[in-house]
There are 4 protein chains.
Amino acid sequence: MTTHASPSAADSLTALRDLTRQFAGERDWQQFHTPKNLAMALSVEVAELAEHFQWLKTGADDELDDAKRTAIRHELADVLLYLVQLADKRGVDLYAAAVEKMALNAVKYPAAQVRGDARKYNEY
Amino acid sequence: MTTHASPSAADSLTALRDLTRQFAGERDWQQFHTPKNLAMALSVEVAELAEHFQWLKTGADDELDDAKRTAIRHELADVLLYLVQLADKRGVDLYAAAVEKMALNAVKYPAAQVRGDARKYNEY
Amino acid sequence: MTTHASPSAADSLTALRDLTRQFAGERDWQQFHTPKNLAMALSVEVAELAEHFQWLKTGADDELDDAKRTAIRHELADVLLYLVQLADKRGVDLYAAAVEKMALNAVKYPAAQVRGDARKYNEY
Amino acid sequence: MTTHASPSAADSLTALRDLTRQFAGERDWQQFHTPKNLAMALSVEVAELAEHFQWLKTGADDELDDAKRTAIRHELADVLLYLVQLADKRGVDLYAAAVEKMALNAVKYPAAQVRGDARKYNEY
């Protein structure tokens, strides 16, 4: 399948961007992929992921069976695929944005001040 | 800042996994990072992203100003950072899972059958 | 069915609170109904509702068929039922809280200032 | 303030429907209130509610302070207000729909079979 070609791409996020462009293009689905619609679809996929954890204590491995582990793996993938498509539509380099945001977070939450502090963490 | 070192890592998702491990470790925040809590935090970040689009027509670039573009960029980053941490806690290779899921989607939605078809797409 | 008894209750939100208490009690499900779990379940139900609208232009009646109208009706009900249970667990009178919040909103958004103003509305 | 008049209305959900119609009408905000936009706004409000619980164990009263209790009360109100507006736009009687859905749930989850059963509950 053509979608199997790309994993050879140098970088994972770049490869997924290319794969999703090809997938949506082959199906003429770009017309549905406004940033607003993709943001809504992303919210729905995240809820399908969260649903697996809603009645569990912590979601630790021993609270899951293989069917749930596979379903969670697939939902994590769906979330990433919509996130990559939304970032692509917005012209955002996800990796650069994430590294930049972590630098901002490191300034906002100095390790020495917030270490193990749930109170501060709750205000995170 | 140490978090600036890693971008040299070979792959973006691997680098972000390493950066988030280091960031949470330095703050002793792993104790709060159960899969259930991370799934909930991910939902909240996705909603903060969606909020920027909720009253817009499509979220096209001409509906946004620079402040909104930057805010959206940062929210996209926050979503990715929580997604990477949740996948890490679940031991899921996000890239392999996404490629696998796209292969399943390609079988489920043959291009020839679903091309530009909103009805089928709505059942996606 | 016993749950049919209560609609005689004077007020709709009070009747639903009583019905959900009885329903969860009969199934010994209160043990799963922590505020955190109910908040998570509420998020999931809202996403199941939002999913019906994600690829539609506006969700106007002519974009829906009867199956979708019924599904949306049921999802609206599920959202209300979880909301009522979460408010009950928190000891919140939903009606009093909503009237109070509308009074606060009326002060925050004076009609004369925000009338038809999407910009202000976007900052809502 | 006019919004204080209505609590005299016979039923809480009916009164809130009337209050929200008046509030949006006075501000000419109906133009923004498509079912799709209201569903998206509802998702955002639910996430603002869930955010208060995301790092807590269960959200029990002793895990909260007064500021959090008030914030949760206001978020519960916001969720109800958007839910009432979305149901109104869809022409759905929320109370009738909720009673109907509980009757369906009572058939789907017979008390004798599912009592205290987390496994079945997880498949709920």
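The values are calculated or read from the model by the stated rules, or taken from the named source; none is laboratory data. Here the structure is a predicted model, which is why all the values come from computation and not from measurement. Backbone-built Cβ (ideal geometry, glycine too); neighbour counts: all protein chains shown. Heavy atoms of the whole protein, side chains included, go into the accessibility calculation; ligands, DNA and RNA do not. Shrake-Rupley method; radii C 1.70, N 1.55, O 1.52, S 1.80 Å.
Each other copy places its own label point for residue D:70 at 3.2, 4.7, 5.2 nm from this one, sorted shortest first, where the point lies 7 Å along the Cα-to-beta carbon line. Among rounded, prolate and oblate, which fits the stretch A:9-110 when a ≥ b ≥ c are the square roots of the eigenvalues of its C-alpha gyration tensor, a/c under 1.5 means rounded, and a/b larger than b/c means prolate? Verdict is oblate for the stretch A:9-110. Counting only protein heavy atoms and a probe of 1.4 Å, the accessible surface of chain C is 51% carbon and sulfur. Straight-line reach from residue D:57: which lysines have a Cα under 21 Å away, not including same-chain ones fewer than 8 places off? Once the sequence-local lysines are set aside, what remains near residue D:57 is A:57, A:120, B:36, B:89, C:36, C:89, D:68. Where chain D is rotated onto chain C, the residue of D whose Cβ comes nearest the axis, and that gap in whole Å, is D:46, 2.
Once the Cα atoms are used to define both axes, helix A:66-89 deviates from the longest principal axis of chain A by about 70 degrees.
Using a loss threshold of 20 Å², tell me which positions in the stretch B:98-112 are less accessible in the complex than in their chain alone. Probe radius 1.4 Å, ligands and nucleic acids ignored. Listed in order, they are B:98, B:99, B:100, B:101, B:102, B:103, B:105, B:106, B:109, B:111. A straight Cα-to-Cα reach below 13 Å connects residue C:108 with the aspartates and glutamates C:100, C:123, residues fewer than 8 places away in its own chain not being considered. Residue farthest toward the positive end of the dipole of the stretch D:51-102, with Cβ of Lys/Arg at +1 and Asp/Glu at -1: which of D:64, D:77, D:87? Comparing the listed Cα positions along the dipole, D:87 ranks first. Counting only protein heavy atoms and a 1.4 Å probe, chain B has 40 square angstrom of accessible area per residue.
When accessible surface is computed with a 1.4 Å probe, chains C and D are found to bury approximately 6800 Å² between them, both chains counted. In the protein assembly as shown the Cα-Cα distances spread across 10 Å bins starting at 0 as 4, 19, 30, 27, 16, 4, 0 percent of all pairs.
Which FRET efficiency value, to the nearest 0.05, do you get for residue D:63 and residue A:22 by plugging their Cβ-Cβ distance into 1/(1 + (r/R0)^6) with R0 = 45 Å? Once rounded, the FRET efficiency stands at 0.40.
The charge dipole of the protein assembly as shown, taken about the Cα centre with unit charges on the Cβ atoms of Lys, Arg (+1) and Asp, Glu (-1), comes to about 0 debye, rounded to the nearest 20. If only the Cβ of Lys and Arg carry +1 and only the Cβ of Asp and Glu carry -1, the dipole of the stretch A:9-110 around its Cα centre is close to 480 debye.
Give the average, rounded to an integer, of partner chain Cβ atoms located within 10 angstrom of each Cβ in D:12-21.
The shielding value for this peptide is 4.
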